[in-house]
Amino acid sequence: MKQQQGDFFGDYHNNDSALDIQGGVVQPPSVNPYLDRVPKKKREIQPASYYIDGIFSGDRTILSQAITLVESSLHSHRAVADEIIAACQRHSSKTESMRIGITGVPGVGKSTFIEAFGSYITSQGHRLAVLAIDPSSERSKGSILGDKTRMETLCNDPNAFIRPSPSAGSLGGVARKTRETILLCEAAGFDVVFIETVGVGQSETAVHSMSDFFLLLMLSGAGDELQGIKRGIMEMSDLIAITKADGTNVDKANMAMALYRNALALFPPTESGWKPTALTSSAVTKAGLEDILRKIKEYFELVKSNGYYLKKRREQARFWMYESINDGLKEMFYEDENISRLLPYYEEAVLEGKLESFSAAGELLAKYKGE
Ligand code: GDP
């Protein structure tokens, strides 16, 4: 860079005078002159082919960027996201991945189990993606998997990919984005996908609607064996794993396992032809992890041979088609210019008791249809 000050004083140097004035040290500017050259943090969206090629070549950074696009609620991102999803869907329909839903109440040892079981799975030559559905994550800033230090080994495993729950408000929205993320991960070569959720609320049903196999983690404990988890969740489980079966807890865990086996035997036969069972496991001693993977593989062998694997996936696809239509219709309605202008007036009229809620809804829908 041209040093203005030095040049200016340089004229005096030619005089060869005793009164020569030294230029001194040129001070650095107080404002960074390169500031405008620092790349903006906001990343430009690339064409869909950039993400698709990156995903197919297994580039994890591009996979993460593509998931961020899929999770984005910006309209300008949706078209590229849809293109990526469609390409990945075509690809993932050709692979026979294992989508495993995992649930259990907080404190059951879910993170520790996923870390231990996930590491065992990758040691067996699989590539594992760990995703989560946590509709509360916006409020709690990501209670599940938000804190990656809880899964340090898996985070540093080149064959594992961990992605926290998307933090978009409604359960439906979060679930849909997770379902799309599964497709992207499978296209990137992850053949085992964990979809984790907390064992409370409605999110189990959402996880069930996108997984092939449902694993329920349960604690052993005096008298509370059949409590804490709703019967419906037990009924949809393909396997119950009693956690923390180590040290002084081994006997209690075995007792709980026997109890759950009996309870599961009382449920009506499953459509898959699979007989759900219970096992014990310890994330500390790693006991039971091998048996759990063996059971899971037995399940996949069965359902792939009897056609249930494909049937369930197709039914899930139908479910997601309707979910997408419902989402799309809602979005179109609420984003309609006329509707968003009228909505506050109708809302006020309903609040003031001047208009019945059903009439208000009917009128707004009629206006939307242009009647
Ligand atoms: P989460 O809330 O279900 O994710 O539970 P965490 O994985 O955070 O575990 C809850 C507590 O149980 C922690 O203190 C863990 O150290 C402990 N824990 C988890 N797995 C095991 C296990 O296999 N054996 C024993 N003894 N403790 C465990």
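A few comments on the model shown:
- Looking across SER340, SER324, SER282, one residue alone is of a type in the set (Gly, Ala, Ser) and at pLDDT 95 or above. It is SER282.
- Filter pass, ALA86 being more than 30 Å from GLY221 (Cα to Cα), exposed (fewer than 15 other Cβ atoms within 10 Å of the Cβ), modelled with pLDDT of 90 or more and more than 15 Å from the ligand (Cβ to nearest atom): yes
- Filtering region 307-320 for residues that are open to solvent by 20 Å² or more (accessible area, probe 1.4 Å), farther than 18 Å from GLY104 by Cβ and within 14 Å of the ligand (Cβ to nearest atom) leaves an empty set.
- In region 184-203, the residues that are modelled with pLDDT under 85 and surrounded by fewer than 24 Cβ atoms within 10 Å (Cβ to Cβ): VAL198, GLY199, VAL200, GLY201, GLN202
- Which numbered condition ASN338 misses (of (1) surrounded by 12 or more Cβ atoms within 10 Å (Cβ to Cβ); (2) touching a residue at least 24 places away in the same chain (Cβ under 8 Å)): (1)
- From SER111, SER92, residue being open to solvent by less than 30 Å² (accessible area, probe 1.4 Å), within 10 Å of the ligand (Cβ to nearest atom) and at pLDDT below 95: SER111
- For region 245-271, the candidate set comprises residues that are within 12 Å of the ligand (Cβ to nearest atom) and out of contact with any helix residue (DSSP H, G or I) (no Cβ under 7 Å at 6 or more places or on another chain); within that set, the residue that is least open to solvent (accessible area, probe 1.4 Å) is ALA253.
- ILE85 vs. criteria among the β-branched types (Val, Ile, Thr) and not in a helix (DSSP H, G or I): no
- Residues satisfying the stated conditions in region 140-163, i.e. surrounded by fewer than 15 Cβ atoms within 10 Å (Cβ to Cβ) and modelled with pLDDT under 85: SER140, LYS141, ASP147, LYS148, THR149, GLU152
- The one condition in (1) of a type outside the set (Gly, Ala, Ser); (2) more than 16 Å from the ligand (Cβ to nearest atom); (3) outside any loop (DSSP other than H, G, I, E, B) that TRP274 fails to fulfil: (3)
The values are calculated or read from the model by the stated rules, or taken from the named source; none is laboratory data. What you see is a predicted model; the values in this text were computed from it and never measured. Don't worry about glycine lacking a Cβ; one is built from the backbone with ideal geometry, like all the others, and counts go over all protein chains shown. What goes into the accessible areas is simple: the full protein's heavy atoms, side chains included, and nothing from ligands, DNA or RNA. Shrake-Rupley method; radii C 1.70, N 1.55, O 1.52, S 1.80 Å.
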